[in-house]
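Take a look at the structure below.
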Amino acid sequence: MFSYEHNTIKKMITQDDVNYIAGLARINLSPEESQPLAQDLERILDYIRQLEGVDVSEVQPTSHVLSLKNVYRDDIPVPSLAQEEALSIAVQKLNGSFKVPQIID
């Protein structure tokens with residue numbers, strides 16, 4: 001699809017490429033908006049090209065750069081507000097609950 005050729009290091013992100021990608025994303029772009037995006041895509045591809053030259057043969061595959069550890073606290077029940085106390089600030093009450101405006105028909 002793209003006119004980018006890795007072996008010849010040819011920069012050829014065209015306006016058609018940008019418009020195609022914008023169409024996939026359902027974004028309408030003016031010509032003034034798409035030109036800077038073509039240049040941005042070129043810079044991104046240049047960066048990727050630099051990364052392709054990095055030797056990662058000794059790097060172990062990972063899903064995250066930092067070791068992950070779940071941090072849980074003990075689940076200790078604590079006293080909560082009594083229903084009457086919680087409802088004391090209610091603007092409107094109905095059958096022991098907060099009454100709120102209906103938002104779904």
query: Is one or more of the residues making up the stretch 56-78 outside any loop (DSSP other than H, G, I, E, B) and either among the hydroxyl-bearing types (Ser, Thr, Tyr) or under 30 Å from Met12 (Cα atoms) (or both)?
result: no
task: Say whether the condition of being modelled with pLDDT of 90 or more and assigned to a loop (DSSP other than H, G, I, E, B) is met by at least one residue in the stretch 5-25.
output: yes
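Filter the stretch 26-55 for residues that are among the basic types (Lys, Arg) and part of a helix (DSSP H, G or I); which is modelled with the lowest pLDDT?
Arg49
The values are calculated or read from the model by the stated rules, or taken from the named source; none is laboratory data. In this text, all values refer to a predicted model and were calculated from it rather than measured experimentally.
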